[in-house]
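Worksheet for the structure shown next.
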Amino acid sequence: MQHLEECLQCLDEAKKTGLIAKPDLIEMALWFHDAVYDPKGSENEERSAQMAVEALGGSDIAHEVARLVMLTKSHEPGDCADDAWIIDIDLGIFAQPLERVLEYERQIRAEYAWVPQDVYAEKRAEILNGFLQRGQIYLTEWAREQFEATARANLRNLIAGL
């Protein structure tokens, strides 16, 4: 719930730019994006997207919300105008103050407590390095200006701590 609240706060800030074409769809997708979260599961986003379709009545809007939810799995946008926004908002956690980012990482580790530490450290470092090695972590100009430098520093700290 903490991550969802932070995403919704980030969306509120991003909406002030006036650049999000359909902010209501982004908000609905954020509500659903981690609705199913099983650390041992590999289909969380698919199940969350399906939940969105069912909860929203199978309409065109429901399927668009589900498509947006699925973007939070790969963090790679499609061709729609708002794709970058949901990805940037979801990744906004890495640009929070370091204390919050460290808390988030402790929360992630607790969710994966069943994974041996050496395996966890290796796999988590791969994920974090994947973001760090991108030319730009954030896809929108707004998020790059707001988050990029802080996120890069935080990611380096997280990786060093593993």
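A short reminder: the numbers here are calculations on the coordinates, not readings from a lab. Note that the structure is predicted; figures quoted are calculated from it, not measured. No Cβ is skipped: glycine too gets one built from the backbone with ideal geometry, and neighbour counts run over all protein chains shown.
Worth a mention:
- When the chain is reduced to its Cα atoms, the Kirkwood hydrodynamic radius in Å: 16.3 Å
- Cα long-axis angle, helix 117-132 against the chain (0 to 90 degrees, to the nearest 10): 60 degrees
- The trypsin sites (Lys or Arg not before Pro) found in segment 114-143 that occupy coil by DSSP, while having at most 16 further C-beta atoms within 10 Å, are R134.
- Magnitude of the charge dipole, the chain, Cβ model with Lys/Arg +1 and Asp/Glu -1, debye to 20: 480 debye
- Helix-only [θ]222 nm of the chain, DSSP H runs n ≥ 4, -39500 (n - 2.57) each, per residue, nearest 500: -22000 deg cm²/dmol
- FRET efficiency for I61 and L98, using Cβ-Cβ distance with R0 set to 35 Å, rounded to 0.05: 0.35
- Largest GNM mean-square fluctuation among P23, P77, P39, using the chain with Cα springs under 10 Å: P39.
- Relative contact order computed over the chain (Cα-Cα under 8 Å; 6+ residues apart), in percent: 21 percent
- Counting 0.36 nm for each residue step from D118 to E5 and taking away their Cα separation leaves a gain of 37.6 nm.
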